[in-house]
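Chemist: Got a structure for you, written out below as structure tokens; questions coming shortly.
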Amino acid sequence: MSPPIDFARTRALIASDFRRLLQALGNPPSKLKRVFWFLLPSYQSLFWYRLYHWLHLRNFRTLAWFMYLVNFYVTRVEIPPTTVIGEACLIGHPNGVVLCGRVGDRFTLYGEGGIGGGMGDGDVGGGPGLPCVGDDVVFAIRAIALGPIRIGDGAKLGPGAIVTTDVPAGAVAAGPRARITRPSAAGEEAA
């Protein structure tokens, strides 16, 4: 489990998620559009996750799990309090999203996919049987990473990719039984 973080850090993570959403949506928004975008389920799921993750790390676990359930019922995004997500996360379309493990900074998930366990018991940094995703990783729609695997920094998973083995940094994995279509640059190590 992660060490407890102070609330100032949690607020900074919340702000980084919102800045990333505004950046993805383009033009500088009016105040009314900011309120609208703040209320989008894709952002709300991360907003509430940040709060209940902080509560979980502060040993308010029952309240954290209750807030997780409310978040799941309202936004249809499943992010347990035990999940660790870096700054500036972006969820494009929230329906059917599951994030269970460890995710790096500037992670992008376009919808109906995610990370989770069920494919082994090892621990590669995401928790027992869970994936560990690096920084600047992009999951296209319906992309899934399962089991104790590592997804390297800057990797991209194509639409419908199902990954059960490590993906090197900078690589592209595509297809329903995903295979690496563009390996990382020579000399780079896998994440």
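Chemist: Can you name the number of the only condition in (1) assigned to a helix (DSSP H, G or I); (2) modelled with pLDDT of 95 or more that PHE36 fails?
Modeler: Among (1) assigned to a helix (DSSP H, G or I); (2) modelled with pLDDT of 95 or more, PHE36 violates only (2).
Chemist: Determine if the stretch 80-92 includes at least one residue that is at pLDDT below 95 and touching a helix residue (DSSP H, G or I) at 6+ places or on another chain (Cβ under 8 Å).
Modeler: Within the stretch 80-92 (the criterion being at pLDDT below 95 and touching a helix residue (DSSP H, G or I) at 6+ places or on another chain (Cβ under 8 Å)), the answer is yes, since at least one residue qualifies.
Chemist: Then there's this: Identify all residues within the stretch 127-141 that are without any contact (Cβ under 8 Å) to a residue 40 or more places away in the chain and either over 13 Å from the mean Cα position of the chain (by Cα) or outside any loop (DSSP other than H, G, I, E, B) (or both); write none if there are none.
Modeler: Once the filter is applied, which keeps residues that are without any contact (Cβ under 8 Å) to a residue 40 or more places away in the chain and either over 13 Å from the mean Cα position of the chain (by Cα) or outside any loop (DSSP other than H, G, I, E, B) (or both), the stretch 127-141 yields PRO128, GLY129, VAL133, VAL138, PHE139.
Chemist: Could you identify the single residue in TYR68, TYR52 that is more than 24 Å from ASP135 (Cα to Cα), in contact with a helix residue (DSSP H, G or I) (Cβ under 7 Å, 6 or more places away or on another chain) and not assigned by TED's automatic domain parsing to the domain that holds GLY111?
Modeler: When all the criteria are applied, what remains is TYR68.
Chemist: Could you count how many residues in the stretch 78-100 are touching a Leu at 6+ places or on another chain (Cβ under 8 Å) and not in a loop (DSSP other than H, G, I, E, B)?
Modeler: Qualifying residue count for the region: 6.
Chemist: Looking at (1) within 21 Å of THR108 (Cα to Cα); (2) not in a loop (DSSP other than H, G, I, E, B), which is the only condition VAL70 fails?
Modeler: With respect to (1) within 21 Å of THR108 (Cα to Cα); (2) not in a loop (DSSP other than H, G, I, E, B), VAL70 is out only on (1).
Chemist: Residue under question is ASN95, and the condition is that it be within 19 Å of GLY114 (Cα to Cα) and at pLDDT below 95; does it hold?
Modeler: yes
Chemist: Can you say whether ILE115 is within 21 Å of ALA15 (Cα to Cα) and under 9 Å from the mean Cα position of the chain (by Cα), as far as the supplied structure shows?
Modeler: No.
Chemist: Being in contact with a strand residue (DSSP E or B) (Cβ under 8 Å, 6 or more places away or on another chain) and touching a residue at least 60 places away in the same chain (Cβ under 8 Å) is the filter here; which residues of the stretch 14-59 pass it?
Modeler: ASP17, ARG20, LEU21, ALA24
The rows are residues; the columns are (1) crowded, with 19+ Cβ neighbours inside 10 Å; (2) outside the structural domain of ILE14 (by TED's automatic domain parsing).
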| site | (1), (2) |
| --- | --- |
| PHE72 | no, no |
| THR108 | no, yes |
| CYS132 | yes, yes |
| ILE141 | no, yes |
| PRO148 | yes, yes |
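Chemist: Which of the numbered conditions does GLY114 fail, given that it passes all the others? Conditions: (1) closer than 12 Å to SER45 by Cβ; (2) small (Gly, Ala, Ser); (3) touching a Cys at 6+ places or on another chain (Cβ under 8 Å); (4) surrounded by fewer than 19 Cβ atoms within 10 Å (Cβ to Cβ).
Modeler: Failing condition for GLY114: (4).
The values are calculated or read from the model by the stated rules, or taken from the named source; none is laboratory data. Since the model is a prediction, treat every value here as computed from it, not as a measurement. Cβ sites come from the backbone with ideal geometry, for glycine too, and all protein chains shown count toward neighbours.
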